[in-house]
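Visitor: Here you go, one structure.
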Amino acid sequence: LNPSNVLWQKIGNSGYRIGFKQFDITFKQDDVVESNIAALLEIPKLKSPGSSQLQQIGLTGHLYKNGDFDLTASLADANVVARIGKFVDIRFLTAKLAREDDDFYVEASMEVSFPTGLMHTLLKDKKILLPRIRIHDNGQFEIIGENIFLPVNFSLPLGPVELNVSNISIGSETRKFKGQDRKYNVIGFDGAISINPFMIDARGE
């Protein structure tokens, strides 16, 4: 796309940018009767792999007479992949830009993989499907709904003992921090600790 043909506008409290490629609207007696929007969305912290540029997601949607809007993307064939830091890759399957109490967020389904680091060593090329993720306009992720469980089978040597991991779970939970509730994303595991010749059930986060 030619950047000169896109009208960029910052939305939300920080980070999000939306670039309008097409915008047409039809009024009748001060009411919106028809509209069509085609746009690009940039999310903070999500960069194209191997690049310093933020990944862009194509959206289409409509504007309603009360000022609300609906912008969605179906990305199964678009191969929109973004990298978080150095260790996490995500491929968007669906995405929807929404607003709640003047806060903007993206609700998406995605595949998560790990190109390097400890998780890559443990999971190899296995991908994790996250059916419902909310990405807030400050770049924070929130897993919506129940925990996601991934059956695995590997061992971790921990000094004199060995941890045999049989299940990894990914989810969100709320905990107190300095007297206030804070939302945390959590990776947990189930398994057993082997202390020759004994075996002890274990859980961890």
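Just so it is clear, none of the values below were taken in a lab; they were calculated from the coordinates. Treat the numbers as computed from the prediction; the structure is a model and nothing was measured. So basically every Cβ, Gly included, is an ideal-geometry build from the backbone, and we count neighbours across all protein chains shown.
Visitor: Please compute the net charge surrounding Val106, taking Lys and Arg as +1 and Asp and Glu as -1 over other residues with Cβ under 14 Å from its Cβ.
Guide: Computed value for this residue: -1.
Visitor: Once phi is turned into ³J(HN,Hα) by the Karplus curve 6.51 cos²θ - 1.76 cosθ + 1.60 with θ = phi - 60°, what whole-Hz value does each residue of the stretch 30-42 show in order, with x for glycine and proline?
Guide: Ordered by residue, 3J(HN,Hα) equals 6, 10, 6, 9, 7, 7, 9, 10, 10, 8, 10, 10, 10 Hz.
Visitor: While we're looking at this one, here's another question. With θ taken as phi - 60° and the coefficients 6.51, -1.76 and 1.60, list the Karplus ³J(HN,Hα) couplings across the stretch 106-123 in order, rounded to whole Hz; mark glycine and proline as x.
Guide: In residue order, the calculated couplings are 10, 9, 9, 10, 7, 9, 10, 9, 10, x, 7, x, 4, 5, 5, 4, 7, 9 Hz.
Visitor: Something else about it: Could you list which residues have their amide H under 5 Å from that of Asn167, counting only those 5 or more apart in sequence or on another chain, with H placed in the peptide plane?
Guide: Val152, Asp190
Visitor: Along the Cα→Cβ direction, 7 angstrom out, place labels at Ile187 and Thr60. What is the inter-label distance in nm?
Guide: With each label point 7 Å from Cα toward Cβ, the separation is 3.7 nm.
Visitor: Here is a follow-up. Which pairs, out of Lys21/Lys126; Lys86/Lys124; Lys127/Lys178; Lys21/Lys86; Lys10/Lys124, put more than 27 Å between their alpha-carbon atoms?
Guide: Lys21/Lys126; Lys127/Lys178; Lys21/Lys86; Lys10/Lys124
Visitor: Would you mind computing, in nm to one decimal, how far apart the modelled labels at Gln180 and Leu7 are, each placed 7 Å from Cα along Cα→Cβ?
Guide: Those two pseudo-labels are separated by 3.7 nm.
Visitor: Hey, another quick one. Given H placed 1.01 Å from N in the peptide plane, which residues other than close sequence neighbours of Tyr16 have an amide H under 5 Å from its amide H?
Guide: Those qualifying (amide H under 5 Å, at least 5 residues apart or on another chain) are Ile11.
Visitor: Continuing with the same structure: For the stretch 182-187, in order, what is each residue's ³J(HN,Hα) by Karplus, 6.51 cos²θ - 1.76 cosθ + 1.60 with θ = phi - 60°, in whole Hz (x at glycine and Pro)?
Guide: Whole-Hz 3J(HN,Hα) from phi for the stretch 182-187: 10, 8, 10, 8, 10, 10.
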